Amino acid sequence: ETALKRPSRMALVSEQGGFDTDWQLSLHSSLDHAIAHQHIYLLFQPQCLLESGHVVGAEALVRWKHPQRGEISPSDFIPFIEKAGRLKPLTAHTLRLAARSANVALNAGARISVNISATLLAEHDFVSLICDNIAAGGGRPQAITIEITETAKIEDFRTAARNLERLQEKGFHVSLDDFGTGEANLSLLVGLPCDEIKIDRSFVALAQHNERARIVIRALNDTARKAGMRLVAEGIETETEQDLLISLGCVIGQGFLYGRPMRISELLSMLDVRESCEPRKLTLY
Ligand code: C2E
Ligand code: MG
Ligand code: MG
Ligand code: MG
């Protein structure tokens, strides 16, 4: 019953996209097949130093190439996979895929961020879900940032905090995604161990017209710096936005201005990877 209960956003999806919803409800039954046939894959979006454009990281974003429907975006299939209780096998797969590219990226000075839905945070095997799959993909924890998304769904705050701390002890970085929206709020920033916050793109878009948005972004930069965290500005689309963010103290950004989500080969060419050389002496951001 619960697995098949239609979530409210489905009405929205069918209005906007004209999708019928039955195929979405049946997605979970084709997950194993899709994984086995490489229909589920990652694209990577660069994260850059705003001043120089130098790439210091990349966010892995999952895609599903559906035989009938073409490329489906995560917002259109993750809610259904989650409802069906299949989020763990999907996450295990994306972690392995990300791990395969992470070491070579790290050698060029870039960490790979992987989105992890906060619903998994309080699972008893959360830490081994992350560690085992990153190890299975041959990745080093130091090469990976765990980006906690959908933070509204954190159920057990204390368990979540303890699990994230254990990941940090193993060398992973932890990031709070979409900061400033919904439940991604100050109590998370204060209560959860993290190395990075990502300001949501709605703030970036607002900043040009809204004095208080600018004040908040500047204050978040101060907070991050004093707390020893990185701050990443999301969804930068124009040079005007970029220049404004620089003036507000932002150092790192991600958005269409620097690159759309792309294949790993394209990302590596942006990174100027020389696999045969010794890893360069790196300043990691
Ligand atoms: P997110 O983590 O906030 O990822 C950023 C989203 O914004 C991506 O959409 C990206 O393509 C889009 N974006 C990046 N730059 C710009 C820009 O300049 N302008 C605009 N308008 N959009 C931009 P995408 O790939 O469709 O992903 C949507 C969401 O799905 C992600 O939001 C994330 O919450 C979730 N997601 C993606 N991959 C995974 C995954 O492997 N696991 C889980 N649990 N969630 C994932
Ligand atoms: Mg993200
Ligand atoms: Mg985000
Ligand atoms: Mg988002």
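The values are calculated or read from the model by the stated rules, or taken from the named source; none is laboratory data. Note that the coordinates shown come from a computational prediction; the quantities given were computed from them, not determined experimentally. We place every Cβ from the backbone using ideal geometry, glycine too, and count neighbours over all the protein chains shown. Calculation scope for accessible area: heavy atoms of the full protein, side chains included, ligands and nucleic acids excluded. Shrake-Rupley method; radii C 1.70, N 1.55, O 1.52, S 1.80 Å.
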> Do the conditions hold for residue 255, that is, is it at positive phi and in contact (Cβ under 8 Å) with a residue 40 or more places away in the chain?
Replying inline: yes
> Does segment 232-248 include one or more residues that are more than 20 Å from residue 176 (Cα to Cα) and within 16 Å of ligand 4 (Cβ to nearest atom)?
Replying inline: yes
> Which number in (1) farther than 21 Å from residue 78 by Cα; (2) within 16 Å of ligand 3 (Cβ to nearest atom); (3) hydroxyl-bearing (Ser, Thr, Tyr) marks the one condition that residue 145 misses?
Replying inline: (1)
> Within segment 101-115, can you find the residues that are within 14 Å of ligand 1 (Cβ to nearest atom) and either assigned to a loop (DSSP other than H, G, I, E, B) or open to solvent by 10 Å² or more (accessible area, probe 1.4 Å) (or both)?
Replying inline: 101, 115
> Picking from 257, 231, 220, which residue would you name as being part of a helix (DSSP H, G or I) and either within 14 Å of ligand 1 (Cβ to nearest atom) or in contact with a strand residue (DSSP E or B) (Cβ under 8 Å, 6 or more places away or on another chain) (or both)?
Replying inline: 220
>> If residue 273 meets every condition in (1) away from ligand 3 (no atom under 14 Å from the Cβ); (2) outside any loop (DSSP other than H, G, I, E, B); (3) at pLDDT below 95; (4) open to solvent by less than 50 Å² (accessible area, probe 1.4 Å) apart from one, which number is that one?
In response: (2)
> Could you list, in sequence order, the residues of segment 220-261 that are away from ligand 2 (no atom under 16 Å from the Cβ) and of a type in the set (Lys, Arg)?
Replying inline: 225, 226
>> Taking the conditions exactly as written (under 22 Å from residue 89 (Cβ atoms), in contact with a strand residue (DSSP E or B) (Cβ under 7 Å, 6 or more places away or on another chain) and open to solvent by less than 10 Å² (accessible area, probe 1.4 Å)), does residue 118 satisfy them or not?
In response: yes
>> Can you find, within segment 202-215, the residue that is nearest to ligand 1 (Cβ to nearest atom) among those that are touching a helix residue (DSSP H, G or I) at 6+ places or on another chain (Cβ under 7 Å) and under 20 Å from residue 182 (Cβ atoms)?
In response: 204
> Among (1) in contact with a Lys or Arg (Cβ under 6 Å, 6 or more places away or on another chain); (2) away from ligand 2 (no atom under 15 Å from the Cβ); (3) closer than 24 Å to residue 199 by Cβ, which single condition is residue 110 missing?
Replying inline: (1)
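Condition first: open to solvent by less than 20 Å² (accessible area, probe 1.4 Å) and out of contact with any strand residue (DSSP E or B) (no Cβ under 8 Å at 6 or more places or on another chain). Can you find one or more residues in segment 78-88 that meet it?
yes
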> Taking into account only those residues within segment 165-203 that are under 11 Å from residue 229 (Cβ atoms) and touching a residue at least 60 places away in the same chain (Cβ under 8 Å), which is farthest from ligand 3 (Cβ to nearest atom)?
Replying inline: 173
> Quick one: how many residues across segment 236-257 are of a type outside the set (A, V, I, L, M) and either surrounded by fewer than 19 Cβ atoms within 10 Å (Cβ to Cβ) or within 20 Å of residue 103 (Cβ to Cβ) (or both)?
Replying inline: 8
> In segment 205-219, which residue that is touching a Leu at 6+ places or on another chain (Cβ under 7 Å) and open to solvent by less than 70 Å² (accessible area, probe 1.4 Å) is farthest from ligand 2 (Cβ to nearest atom)?
Replying inline: 214
